[in-house]
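Visitor: I'd like to ask you about the structure that follows.
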Amino acid sequence: MFEDTILILFISLCTAFASEAILYLLVYRTETYRRLKATVEKQSKKLEKKKELIGDRPTGQKASKKLEKAEEQLKNVSRDLNMVRMKSVVVIGFTFTALLGMFNTIFDGRVVAKLPFTPFGVLQGISHRNLMGTDPTDCSFIFLYILCTMSIRENVQKLLGFGPSRTASKIGGAGFFSPPQTK
Amino acid sequence: VQGQRSTELSMAMAGKGSATEPLWKKAIVRQEKWDSKEDFLDIIYWMRQLLSVVTGVLWGIFPMQGFIGMGLFLLLNAGSVYLYSVAYQKVDEEEFGGTWEILKEGFMTSYTLFLVNWIMSYTTFHFG
């Protein structure tokens, strides 16, 4: 079981680094992405400063319209940035889903770990997927893999310095396909 | 320019924080003022990840089980972040958008990291 958990962790690490490497080659180093990212950072910082200056004071109609317009502009640029990234993310998604299918077959029916807790409801359906027996603390490959991926992916992105700043994510809007918050 | 440089140097030596000071130093030394909010939130983020790894491994060794283990982790995680921010660094939470913004920084990633470490350590030490 120990070897299985290490292997799954290793697979998650590799897929996280591989995705970021592919995204770097296809997206992050392109002029379009860099330009859009710089614009988003600049505009979001300006907008945050404007909001800080105004604070809780009541604003006139003109000032609030200006602020709304700036927010709208920022959201549009953020959306363009996400669109540039999305195409590659979808391709990577398909590729790694296929890989995941392969690993799923290899680990099918195998208890890869023991859970120190009993998952509830829907989670048990995932943690006990394709496993024999009724012990709810038996852990399947897919459950551990999902947890590993969720924990590793953002850390890898932060370590490598990819993704927008917190300000940009907060003000530009965090949609389903937006990159997670990093520095 | 020379006067400015010597001021910066003495500030750095006094541990008052500067743009070139490494993040881990800023984390240990109490900062009078955070020039960069991003730095403080980064420290919170990485501190949480480290705590998750350590807690996960320890919980797996003891072993802590069930929702008690999970609850204790959540308490420890939130409590340490709060104490570090408010009691040690004495930051003005409003500058960061409120206590909630500080508390939620890196929470989900740290929680899943804790679960991974907890599961792996529990499996390794009790099921070979």
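The values are calculated or read from the model by the stated rules, or taken from the named source; none is laboratory data. Given the structure is predicted, the values throughout are model-derived calculations rather than measurements. Note: ideal-geometry Cβ built from the backbone for every residue, glycine included; neighbour counts use all protein chains shown. Please note that ligands, DNA and RNA were not included when accessible areas were found on the heavy atoms of the full protein model with its side chains. Shrake-Rupley method; radii C 1.70, N 1.55, O 1.52, S 1.80 Å.
Visitor: Please calculate the 1.4 Å probe accessible area of B:LEU72, with all protein chains present, and give it to the nearest 10 Å².
Guide: Solvent-accessible area, nearest 10 Å²: 70 Å².
Visitor: Quickly work out the A:LYS46-to-B:GLU38 label distance, labels modelled 7 Å from Cα along the C-beta direction, and quote it in nm with one decimal.
Guide: It works out to 1.8 nm between the two label points.
Visitor: On to the next question. Scan region B:47-114 for trypsin sites (Lys or Arg not before Pro) in coil per DSSP, keeping those whose Cβ has at most 16 other Cβ atoms within 10 Å, and list them by number.
Guide: Qualifying residues, ordered by number: B:LYS90.
Visitor: Keeping all protein chains in place and using 1.4 angstrom, which order do A:GLU72, A:GLU31 fall into by accessible surface area, from largest down?
Guide: A:GLU31, A:GLU72
Visitor: On average, how much accessible surface per residue is there in region A:1-125, in Å², for a 1.4 Å probe, leaving out ligands, DNA and RNA?
Guide: 64 Å²
Visitor: Can you give the extra length, in nm with one decimal, that the chain gains between A:LYS65 and A:ASP108 once fully stretched, where that is 0.36 nm per residue apart less the Cα-Cα distance?
Guide: Here the answer is 9.7 nm.
Visitor: First select every other residue whose beta carbon is under 14 angstrom from the beta carbon of A:THR30; then total the charges, Lys and Arg +1, Asp and Glu -1.
Guide: Neighbourhood net charge equals +4.
Visitor: Another one. Please turn the phi angles of region A:31-47 into ³J(HN,Hα) values with the Karplus equation 6.51 cos²θ - 1.76 cosθ + 1.60 (θ = phi - 60°), one per residue in order, whole Hz, x for glycine and proline.
Guide: Ordered by residue, 3J(HN,Hα) equals 4, 4, 4, 4, 5, 5, 4, 4, 5, 4, 4, 4, 5, 5, 5, 4, 5 Hz.
Visitor: What is the sum of charges, Lys and Arg at +1 and Asp and Glu at -1, for the other residues whose Cβ falls under 14 Å from the Cβ of A:ASP138?
Guide: Every neighbour counted, the sum reads 0.
Visitor: Could I ask something else about it? Name the trypsin sites (Lys or Arg not before Pro) in region A:27-57 that are in a loop by DSSP and that have at most 10 other C-beta atoms within 10 Å, would you?
Guide: Qualifying residues, ordered by number: A:ARG29.
Visitor: On C-alpha positions alone, give me the angle between the axis of helix A:61-106 and the longest principal axis of chain A, in degrees, nearest 10.
Guide: It is inclined by approximately 20 degrees.
Visitor: Also, I was wondering about something else. Could you pull out the longest piece of chain A with no exposed loop chymotrypsin sites (Phe, Trp or Tyr not before Pro) in it, calling a site exposed if DSSP puts it outside H, G, I, E, B and it has at most 11 other Cβ atoms within 10 Å?
Guide: A:1-119
Visitor: If we restrict to alpha carbons, what Rg and Dmax does region B:32-103 come to, in Å?
Guide: 13.9, 42
Visitor: Rounded to the nearest 0.05, what FRET efficiency do A:ARG129 and B:PHE127 have when you use their Cβ-Cβ distance and R0 = 22 Å?
Guide: 0.70
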